[in-house]
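The values are calculated or read from the model by the stated rules, or taken from the named source; none is laboratory data. Every value quoted in this text rests on a predicted model; they were computed, and no experiment measured them. Because the Cβ atoms are built from the backbone with ideal geometry, glycine has one as well, and the counts that use them run over all protein chains shown. When the accessible area is computed, the model is the full protein with side chains, heavy atoms only, and any ligands, DNA or RNA have been set aside. Shrake-Rupley method; radii C 1.70, N 1.55, O 1.52, S 1.80 Å.
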Amino acid sequence: MFFSENRINRVTEILELLRKKGYYPEGRLLEVCCGNGMSTLALYRSGLDPLAIEINKCTVCQGLEQQVLNPQKVMVMDATAVSRYFDPGSFDAVMGFMLGLIYEFNKELWIRIIREAVSVAADGAVLLFTVSSKPEIEILANALSKAGVEGEIVDNKDVEGAYDQWLFVGRKQKSALSIQ
């Protein structure tokens, strides 16, 4: 009732696209804003083992109740505060699927989430975020670029037009501090 095989397949297709583009995640993976774990399930099925975080304890409980989320690898946590709990460079990949809705009035919240995600990513880490609209991905892409991530916006529209229509994928560049 809570999970859509089409949605899970959509994330699996995105992971295959990442493989083709040379961005496939390996190593320590953080999934921000995991919700009830529908995307996390696709990650598991693809052989990935993310640490999943979500601020809404009710959706985490749904994922745990449905045995989708791994109780050892999920945390109720505010994605604007991950650097309080994880050191810089803790993750080789950071992902967030179907973030949003991102509007002008709440974009600063999402920019904080992006900055935090980048702050715990290792140099060279893969960063992937998906949303439903082009204006949303443009806001995220701008924030990622300012945070030192080089990447690209990908038009991922399909006929259903609901999930993961736009994505940003890139790599965290070496920080100025690590170059010195």
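Considering every alpha-carbon pair of the chain, the percent of pairs per 5 Å bin, from zero through the bin containing the longest distance, is 1, 9, 19, 22, 23, 16, 7, 2, 1, 0, 0.
Could you look at the chain and say what percent of its accessible area is carbon and sulfur, using a 1.4 Å probe and all protein chains? With neighbouring chains kept in place, the figure for the chain is 50 percent. Only protein heavy atoms count here; under a 1.4 Å probe, residue 111 has an accessible surface of about 20 Å².
Just round it to a whole percent: the fraction of Cα-Cα distances in region 43-96 exceeding 18 Å. Don't skip to the answer; put the middle values down first.
Working: 490 of 1431 pairs.
Above the 18 Å cut-off, region 43-96 has 34 percent of its Cα pairs.
The lysines whose alpha-carbon is closer than 17 Å to the alpha-carbon of residue 157, local same-chain residues fewer than 8 away aside, are 134.
As I understand it, the dipole of region 12-51 uses +1 on the Cβ of Lys and Arg and -1 on the Cβ of Asp and Glu, about the Cα centre. Which of 44, 32, 14 lies farthest toward its positive end? Toward the positive end, the furthest listed residue is 14. Within region 11-85, the proportion of C-alpha pairs whose separation exceeds 15 Å stands at 53%. Every helix of 4 or more DSSP H residues in the chain counts as -39500 (n - 2.57), and over all residues that averages to -10500 deg cm²/dmol at 222 nm. Largest mean-square fluctuation among 148, 161, 35, in a Gaussian network model of the chain whose springs join Cα atoms under 10 Å apart, belongs to 161. The residues of region 1-74 have, on average, 52 Å² of accessible surface per residue, using a 1.4 Å probe with all protein chains present. Remark: for residue pairs 20/146; 146/174; 21/107, the C-alpha separation exceeds 24 Å in 20/146; 21/107. When all alpha carbon pairs of region 3-46 are counted in 5 Å bins from zero, the resulting P(r) reads 5, 22, 30, 28, 12, 3 %.
Dividing the convex hull volume of the alpha-carbon atoms in region 95-180 by its residue count gives 75 Å³ per residue.
A simple charge model with +1 on the Cβ of Lys and Arg, -1 on the Cβ of Asp and Glu and nothing else charged puts the dipole of the chain at about 300 debye relative to its Cα centre. When peptides 86-94, 65-73 are ranked by their average number of other Cβ atoms within 10 Å per residue, the highest-first order is 86-94, 65-73.
Which of the GluC sites (Glu not before Pro) across region 78-180 are loop residues per DSSP, with 13 or fewer other Cβ within 10 Å? Provide the component values of the computation, followed by the final result.
On the way: sites: 104, 108, 116, 136, 138, 150, 152, 160; in loops: 104, 160.
When the GluC sites (Glu not before Pro) of region 78-180 are filtered for loop state and at most 13 Cβ neighbours within 10 Å, 104, 160 remain.
Taking label positions 7 Å along the Cα-Cβ direction at both residue 145 and residue 20, the computed distance is 2.5 nm, reported to one decimal.
For the chain, list the DSSP H helices whose alpha carbon atoms reach 15 Å or more along the long axis and whose average Kyte-Doolittle value is 1.6 or above? Could the numbers behind the result be given before it?
Details: long enough: 5-21 (24 Å, -0.88); 107-119 (18 Å, 0.13); 134-146 (18 Å, -0.04).
Helices meeting the criterion: none.
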